[in-house]
Amino acid sequence: MSYSSYSDADLFYRIQGAQTPDAERAFNELYARYSPRIYAYCLRVLGDRDQARDVFQDAFVRFYNSAQQERSMTNVAGFLLTIARNLCLNHKRDTRPTTPVESLELPAPQHGVSYEEDELLRLITLALDLLDAEYREAFVLREYDGLSFSEIGELTDTNEATAKTRAFRAKQKIRQILSPYLQDLERS
């Protein structure tokens, strides 16, 4: 039986209740659908692969445990992002950065990308790390996850205008941080 044709809500309801092979397959399907997106979100917010992996795994454990309770579900993706967001915020609150910016692990260069483009991607990653958490979160949710401002507002428990403002200010701050590099690039 293929679970790929089931809706997210149907799969969620199949997880509820007893631990059965059907529930396990339904969970595996939801995991396959959303794990890349949730891990990418955790990695972008936390900036550390090990921390992101830990929070990511905890998010799916909490999602599974939550499915064992009687609840209605209409937006599995939003529910998972909310769990991941809360865990990321808790993790950032509970841990203080001890790694200097110079030693951050940056993504490896991509094939087919010029040195300048790769360098710009690295600088954007560093600029994101310098943003306040609420600005970084709004920027990541908008630019990387493609959420609308109303979805961002709902997820961050703010309104649409606040989400727009935070995303706009994040872009401004990134431009400000990157302006010396961009000016140097224009001169070349």
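In the range 68-89, which residues are in a helix (DSSP H, G or I) and either assigned by TED's automatic domain parsing to the domain that holds Leu141 or of a type in the set (S, T, N, Q) (or both)? It would help to see each step written out before you state the result.
So the first thing to find is which residues in the range 68-89 are in a helix (DSSP H, G or I), and the list is 76-89.
Result: Thr82, Asn86.
Do we have Ala59 as small (Gly, Ala, Ser) and over 11 Å from Ala84 (Cα atoms) here?
Details: small (Gly, Ala, Ser): yes; over 11 Å from Ala84 (Cα atoms): no.
No, not satisfied.
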Practice problem: Can you give me the number of residues within the range 129-173 that are within 18 Å of Gly47 (Cα to Cα) and either outside any helix (DSSP H, G or I) or in the same structural domain as Arg49 (by TED's automatic domain parsing) (or both)? | Solution: 3
Quiz prompt | Elements of type helices (runs of 4 or more DSSP H) in the range 1-67, at least 3 residues being in contact with a Cys (Cβ under 7 Å, 6 or more places away or on another chain) | solution = 21-46, 49-67
Quiz item: Phe63 versus (1) under 19 Å from Ile152 (Cα atoms); (2) without any contact (Cβ under 8 Å) to a residue 60 or more places away in the chain; (3) buried (at least 19 other Cβ atoms within 10 Å of the Cβ): which is the lone unmet condition?
Solution: (1)
Quiz item: Does Glu143 satisfy the criteria of being farther than 17 Å from Ile124 by Cβ, under 18 Å from the mean Cα position of the chain (by Cα) and not small (Gly, Ala, Ser)?
Solution: no
Self-check item: Pairs where the first residue, in the range 159-175, is exposed (fewer than 15 other Cβ atoms within 10 Å of the Cβ) and the second is not in a helix (DSSP H, G or I), C-beta under 9 Å, 6+ apart
Solution: Glu160/Ser148
Quiz item: Mind checking whether some residue in the range 18-35 is under 19 Å from Thr125 (Cβ atoms) and crowded, with 18+ Cβ neighbours inside 10 Å?
Solution: no
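The values are calculated or read from the model by the stated rules, or taken from the named source; none is laboratory data. Every value quoted in this text rests on a predicted model; they were computed, and no experiment measured them. Quick reminder, even Gly has a Cβ in these numbers, built from the backbone with ideal geometry, and neighbours come from all protein chains shown.
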